[in-house]
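Taking it in order: structure first as structure tokens, then the write-up.
The values are calculated or read from the model by the stated rules, or taken from the named source; none is laboratory data. For clarity, every value in this text was computed on a predicted model and none was experimentally measured. Note that each Cβ is placed from the backbone with ideal geometry, even for glycine, and that neighbours are counted across all protein chains shown. Surface accessibility is based on the protein's heavy atoms, side chains included, excluding ligands, DNA and RNA. Shrake-Rupley method; radii C 1.70, N 1.55, O 1.52, S 1.80 Å.
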Amino acid sequence: MLTSLEGKAALPLAVDPGTGRLEFRGGLPPVTPAVRTLAEMREVLEDPAASGPDELYYMYRDVGFPQDRERLHAHGLRYDITVILPVRVGREFAKTAGHYHPDVPGANLPYPEIYEVLHGTAWYLLQRRSGDGVSDVVLVKATPGDKVLIPPGYGHITINPGPDVLVMSNLVEKDFRSLYEPYRLRRGGAYYCVTGDGGEPRFVPNPLYGAVPSLRVVSAAPQPDLGLDPAVPLYRAAAADPSRYAYLVRPQERGEALMRGVAG
């Protein structure tokens with residue numbers, strides 16, 4: 001049975017909780033997802049030889065009604081949806097590959113990004129690079145309606161720690177290319193999320209990073225001045241007024257306000 005996402009997404013969408021595939025309804029143009037396979041993920045796993053399903057998550061890029069997409073594009077923005085299955089690879093919980101963002105041209109400051117949980121539970125594992133290591137590692141826990149801002153300079157992985165399919169949207173500058181290589185070189189992030197003795201998720205450090213900072217855990221917090229309101233779907237807010245999210249294209253204009261969500 002399909003699960004409707006319309007209330008949280010403000011789009012006529014549903015997800016098949018068994019397959020993770022989206023159903024596009026009400027005249028919403030369908031999008032064919034990019035599929036992240038187990039074979040592609042092996043280079044960022046705790047155990048590269050671990051067994052798991054062949055398909056781990058789906059990336060639906062540039063979702064929306066044509067008039068809304070055109071408006072977002074005019075402001076340099078794109079709205080995507082990612083679906084992560086509730087599976088394990090060996091003892092590791094399902095996750096995205098992890099990436100950093102490049103610098104804004106001429107600004108010496110990386111692009112930020114907004115995520116929003118539409119269904120299930122998301123754990124966002126953020127890390128800030130410092131030389132050959134990382135200087136800060138933050139876990140942001142989020143549930144449906146929560147918005148999470150990935151600040152400039154933080155790489156990130158999304159983990160599905162729950163029993164349900166995870167569906168999340170993101171709003172981002174439409175043209176930059178994510179930087180996956182730093183995660184591939186260290187076989188993933190600074191920590192792995194694995195199954196504990198009782199089946200609960202726990203974090204273990206990735207030995208390829210050497211000494212890593214202790215993991216800081218925070219909850220997603222509303223930031224109304226940045227358009228992060230848990231009561232208003234991200235798609236609705238961005239389509240109505242894309243200019244509110246100009247900081248995703250020009251983060252240098254908002255400075256320290258973009259760092260509040262990971263402040264210690």
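General observations
Quick grid of which residues meet (1) within 19 Å of the chain's Cα centre (by Cα); (2) at positive phi:
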{"residue": "Thr19", "(1), (2)": "no, no"}
{"residue": "Gly27", "(1), (2)": "no, yes"}
{"residue": "Gly98", "(1), (2)": "yes, yes"}
{"residue": "Pro102", "(1), (2)": "yes, no"}
{"residue": "Tyr111", "(1), (2)": "yes, no"}
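- Among the residues listed as Arg177, Arg186, the single one being within 21 Å of Val262 (Cβ to Cβ) and touching a residue at least 12 places away in the same chain (Cβ under 8 Å): Arg186
- Residues of the range 117-133 satisfying the condition of being at pLDDT 95 or above and open to solvent by 10 Å² or more (accessible area, probe 1.4 Å): His119, Gly120, Thr121, Trp123, Arg128
- Residue check, Leu234 modelled with pLDDT of 95 or more and touching a Ser or Thr at 6+ places or on another chain (Cβ under 6 Å): yes
- Of the residues making up the range 9-54, those that are without any contact (Cβ under 8 Å) to a residue 60 or more places away in the chain and either surrounded by 16 or more Cβ atoms within 10 Å (Cβ to Cβ) or polar (S, T, N, Q) (or both) are Ala14, Thr19, Leu28, Val31, Thr32, Pro33, Thr37, Leu38, Met41, Ser51, Gly52.
- Search result, residues across the range 193-215 that are open to solvent by 90 Å² or more (accessible area, probe 1.4 Å) and among the acidic types (Asp, Glu): Asp197
- Residue list for the range 196-234, filter: touching a residue at least 12 places away in the same chain (Cβ under 8 Å) and among the small types (Gly, Ala, Ser): Gly210, Ala211, Ser214, Ser219, Ala220, Ala221, Gly227, Ala231
- Any hit, the range 91-101, residues being open to solvent by 10 Å² or more (accessible area, probe 1.4 Å), in contact (Cβ under 8 Å) with a residue 24 or more places away in the chain, within 21 Å of Val232 (Cα to Cα) and not in a loop (DSSP other than H, G, I, E, B): no
- Of the residues making up the range 237-264, those that are buried (at least 16 other Cβ atoms within 10 Å of the Cβ), within 28 Å of Gly106 (Cα to Cα) and either in contact with a Ser or Thr (Cβ under 6 Å, 6 or more places away or on another chain) or of a type in the set (A, V, I, L, M, F, W, C) (or both) are Ala238, Ala239, Leu248, Val249, Leu258, Val262.
- Matching option when the condition is under 30 Å from Asp197 (Cα atoms), of a type outside the set (Lys, Arg) and out of contact with any Leu (no Cβ under 6 Å at 6 or more places or on another chain), among Val35, Val87, Val104, Val63: Val87
- Residues that are touching a Lys or Arg at 6+ places or on another chain (Cβ under 7 Å), in a strand (DSSP E or B) and not polar (S, T, N, Q), drawn from the range 194-207: Val194
- Residue pairs whose Cβ atoms lie under 6 Å apart, sitting 6 or more positions apart in sequence or on different chains, and linking a residue in the range 118-135 that is assigned to a strand (DSSP E or B) to a partner that is surrounded by fewer than 23 Cβ atoms within 10 Å (Cβ to Cβ) and of a type in the set (Asp, Glu), are Arg128/Asp136.
- Each residue in the range 136-160 was checked for being open to solvent by 20 Å² or more (accessible area, probe 1.4 Å), touching a Pro at 6+ places or on another chain (Cβ under 8 Å) and either closer than 18 Å to Arg177 by Cα or part of a loop (DSSP other than H, G, I, E, B) (or both), and 2 pass.
- Criterion: out of contact with any Ser or Thr (no Cβ under 7 Å at 6 or more places or on another chain) and within 23 Å of Ile150 (Cβ to Cβ) - qualifying residue of Pro29, Pro102: Pro102
- Take the conditions (1) out of contact with any Asp or Glu (no Cβ under 6 Å at 6 or more places or on another chain); (2) open to solvent by 30 Å² or more (accessible area, probe 1.4 Å); (3) within 20 Å of Val167 (Cβ to Cβ); (4) not basic (Lys, Arg); Thr82 misses just one of them, which is (2).
- Residue within the range 61-73 that is open to solvent by 10 Å² or more (accessible area, probe 1.4 Å), assigned to a strand (DSSP E or B), out of contact with any Cys (no Cβ under 9 Å at 6 or more places or on another chain) and touching a residue at least 12 places away in the same chain (Cβ under 8 Å) present: no
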